[in-house]
Amino acid sequence: MADDPRRRLSREERRAQLVALGREEVERVSFDGLSTDRVAEAAGISRGLLFHYFPTRDDFLVAIAVDAADELLEVLDPDADAPALLQLRSSLAAYVEHITANRDTYLALIRGAAGGKPELLAVFDRTRGVLADRILEGLDLSPDDDPRMRYLARGYIAFAEELAVTWLRDPAELGREDLLGTLELALLGMLGAVGVDLEPLLAEAASPS
């Protein structure tokens, strides 16, 4: 990842390089164990120069978390023209594929969110909020019509994260398709429990294109 130290990088390039190296460091040792000295060394710059781009260590950690969260949101961006249930299935499949390919990073990020740093918690709260809004928009459900919908969507995101983390620790115990089926059925079950009519949703997904 380190660039040739003889090549001068633009500010944007250097920040992107440091964030990428920071993500690799987080993957190895977690947010709490991240060493700015090791990141700077890998980038071929001084530790002082790293703090020229990120004033504090916490600013650097937040930049790493934002980068990872934005990548996840991009991966999970559904096809708005597809039937709602197919959008959900596509997003769930992309989610499982992404966290499988980025297992250590994802686990480190989840642990970082649980670690209590307000700045990191804010990043994850924003990410969960975006994902919850996407679920409701995709299913044409409005919190304005039923305030329970926002709570249900946020609760589902927390459930999906916990299920995913448990699965990543021992993926041999539950097959990928079983995981995806459980994630889908959990959301449909929650919606059905609060009186959402699922028939149109299921019928649209079953209709030939």
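The values are calculated or read from the model by the stated rules, or taken from the named source; none is laboratory data. Source: prediction; values computed, not measured. Reconstructed Cβ throughout: ideal geometry from the backbone, glycine too, with neighbour counts over all protein chains shown.
Taken over the stretch 152-187, residues that are among the aliphatic types (A, V, I, L, M) and without any contact (Cβ under 8 Å) to a residue 12 or more places away in the chain amount to 3. In the stretch 46-67, is there at least one residue being over 22 Å from residue 11 (Cα atoms) and out of contact with any Cys (no Cβ under 7 Å at 6 or more places or on another chain)? Checked against the condition, which is being over 22 Å from residue 11 (Cα atoms) and out of contact with any Cys (no Cβ under 7 Å at 6 or more places or on another chain), the stretch 46-67 yields no hits at all.
Just to be sure before I move on: is residue 58 in contact (Cβ under 8 Å) with a residue 40 or more places away in the chain and over 30 Å from residue 200 (Cα atoms) in the structure I sent? Write out each step before concluding.
Working: in contact (Cβ under 8 Å) with a residue 40 or more places away in the chain: yes; over 30 Å from residue 200 (Cα atoms): yes.
Spelling it out, residue 58 is indeed in contact (Cβ under 8 Å) with a residue 40 or more places away in the chain and over 30 Å from residue 200 (Cα atoms).
Where residues in the stretch 84-125 are farther than 23 Å from residue 166 by Cα and either modelled with pLDDT of 90 or more or of a type in the set (A, V, I, L, M) (or both), which of them is nearest to the chain's Cα centre (by Cα)? Filtering the stretch 84-125 for residues that are farther than 23 Å from residue 166 by Cα and either modelled with pLDDT of 90 or more or of a type in the set (A, V, I, L, M) (or both), the one nearest to the chain's Cα centre (by Cα) comes out as 122.
In the stretch 134-147 there is at least one residue matching the filter, namely being of a type outside the set (Asp, Glu), over 19 Å from the mean Cα position of the chain (by Cα) and surrounded by fewer than 15 Cβ atoms within 10 Å (Cβ to Cβ). Among the residues of the stretch 14-35, those identified as farther than 20 Å from residue 102 by Cα and either buried (at least 18 other Cβ atoms within 10 Å of the Cβ) or of a type in the set (Lys, Arg) (or both) are 14, 15.
Taken over the stretch 175-197, residues that are loosely packed, with under 14 Cβ neighbours inside 10 Å and not in a helix (DSSP H, G or I) amount to 4.
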